[in-house]
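Every number here is computed from the coordinates shown, using simple stated rules; none is lab data. Note that the coordinates shown come from a computational prediction; the quantities given were computed from them, not determined experimentally. Cβ coordinates were reconstructed from backbone atoms using ideal geometry, including for glycine residues, and neighbour counts include every protein chain displayed.
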Amino acid sequence: MASDRRDQAVRAAVEQGLLSEEQPVAALLDVAGIRASAACLRAAFAAVTDAPVLHAFAVKAAPLVPVLALLDAEGIGAEVASPGELALARAAGVRPDRMVLDSPAKTPAELREALDLGIAVNADNPQELARIDALVGTADPAPPLGLRVNPQVGGGSITALSTATPTSKFGVALRDEGARDWVVRAYLDRPWLTRLHTHSGSQGIPLTLLAHGIRAVYELAEEINTAAGRQQIDTLDIGGGLPVNFASDEQTPTFAEYAGLLKEEVPGLFDGRYGLVTEFGRSLLAKHGLILARVEYSKSAGSRPIAVTHAGVQVATRTVYDPASWPLRIAAYDAEGRPKAGPDVVQDVAGPACFAGDLLAESRSLPLLRPGDVIAALDTGAYYFSSHYGYNSLPRPGVHGFVTDEGRADGTADDAEGAAVRFMTVRAPQRLEEIVAESGGDYRTRLLP
């Protein structure tokens, strides 16, 4: 079970010194869990279509080269949305033909590089498509090219992550006056435009709404192909967006449930005429990561206990600023990394940053935390420790993948030293010298007279 591996990993992280007074925050990734998620994704779509499917991981969810290399080895490509993400995917060894470039603000240089490398590109708007017009003739041969459309099917519970609203900044707004006709004509005028792309959002979006957006794009593809008198659009990029259950260890909804729903709602999508591209991110990694932090102090205010830890807004920015949308489960461990025993007490789990709202959890029932104990913020494998927030110049934590020896029937460590867990550095902890360098340390006197 993932929870068994998690408990082994926490104890081993303490025993092996990954979490210490010198390094009071550490992030862990369950390699076996990531591999299992990749396998489930591949199997889910293989069960509903024989057509080719490129599963392209949304790099923004975990922009870490070793993670991208692991996913590439598991048959998952890369969806990139900036020059930096493209550089990371290339450093991980992802082949250009297994990449997709999306973003609403691509520069001419980005477009030229993608076309030169043979990376699939989804244009976001008419102006970008006009830029591509000027470049296609220089690409030999041109890579797969498509257009992103906004089906305008509505939003979910988190407005900031809803990308199919009437006024979303992404794609061509399909229901705006004259837009649909423009899209059809754009394809008829460009025989090399062979893909359609949509992505209705992610966390907080109901599966049915995702399906409605994909159905709208499938129907548009059918209309374009009919108008063209041939199968001009041969691939539909249906984005990602599968939400994650942050309330328990249960991994729901599953990729199989989602693929099955799409099969019911849009059966023509899977009849073999269209290749598919997916762009999942959070749903592949979130359940397989955790952030560990030492409790530095315990105190009380207004008769409520507060555990002051070293993990806060710098690693859990969304949770701190929008806790209703991004609640995190917190697991309590003792100073040796064992699950903490004792009656539950309502308490706050606070971070180290200098503002009152820096809380990982408020009024949470946990065994009473004391200095030296360890807290684990669960389900943080996507976006949390890979999207650092530099408030108070707090350093980025080290990220470590782990594998466990599951050969023993009881699933426990071989000895007290936690030899059943092996860690691999994914990203080293940030050093103070690096913070100084990033903050202009080499230019100390530049503003002086």
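Side notes on the structure shown:
- Cα-centred dipole magnitude for the range 31-285, charges only on beta-carbon of K, R (+1) and D, E (-1), debye, nearest 20: 220
- Computed log10 I(q)/I(0) for the range 31-285 at 0.08, 0.11 Å⁻¹: -0.28, -0.54, from the Debye equation with unit scatterers placed on every C-alpha and solvent omitted.
- Measuring nothing but how far apart in sequence close Cα pairs (under 8 Å, 6+ apart) lie, relative to its length, the range 8-84 scores a relative contact order of 26 percent.
- Computed magnitude of the charge dipole of the chain (debye, nearest 20; Cβ of K, R +1, Cβ of D, E -1): 580
- When every Cα-Cα distance of the range 153-230 is counted in 10 angstrom steps from zero, the calculated P(r) takes the values 18, 47, 26, 8, 0 percent.
- Highest average first, the peptides 347-356, 172-181, 193-202 ordered by how many other beta carbon atoms sit within 10 Å of their residues are 193-202, 347-356, 172-181.
- Calculated P(r) of the range 85-137 - Cα pairs past 17 Å, %: 30
- Distant-in-sequence amide contacts of F57, defined by a placed amide H-H separation under 5 Å and a gap of 5 or more residues or a different chain, comprise G77, A78, E79.
- Just so you know, the Rg over Rh for the range 309-449 is 1.05, from Cα atoms, with Rh as the Kirkwood radius.
- Normalised contact order of the range 64-222, rounded percent, pairs of Cα under 8 Å and 6 or more residues apart: 18
- Residues whose amide H comes within less than 5 Å of that of V295, counting only those at least five positions distant or on another chain, are G372, D373, V374, I375 (H built at 1.01 Å from N in the peptide plane).
- Considering only the chain, percent of DSSP beta bridges that pair antiparallel, nearest 5: 50
- Where only alpha carbons of the range 284-347 are counted, the Rg and the Dmax (Å): 13.3, 41
- Protection proxy ranking, highest mean first, for peptides 44-53, 278-287, 391-400: 278-287, 391-400, 44-53, where packing is the per-residue count of other beta-carbon atoms within 10 Å, averaged.
- Here the chain was treated as a single set of alpha-carbon atoms; its pair distances binned every 20 Å from 0 give 24, 51, 23, 2 percent.
- Ordering G281, A114, S168 by the projection of their Cα atoms onto the charge dipole of the range 31-285, which places +1 on the Cβ of Lys and Arg and -1 on the Cβ of Asp and Glu, puts A114 at the extreme positive end.
- Reachable aspartates and glutamates from K340, criterion Cα separation under 15 angstrom, eight or more residues apart if same chain: D4, D7, D373
- Amide H contacts of T163 (H built 1.01 Å from N, under 5 Å, at least 5 apart or other chain): G201, S202
- For the range 300-308, 3J(HN,Hα) per residue [Karplus equation, 6.51 cos²θ - 1.76 cosθ + 1.60, θ = phi - 60°, Hz, x = Gly/Pro]: 9, 8, x, 6, 10, x, 10, 9, 8
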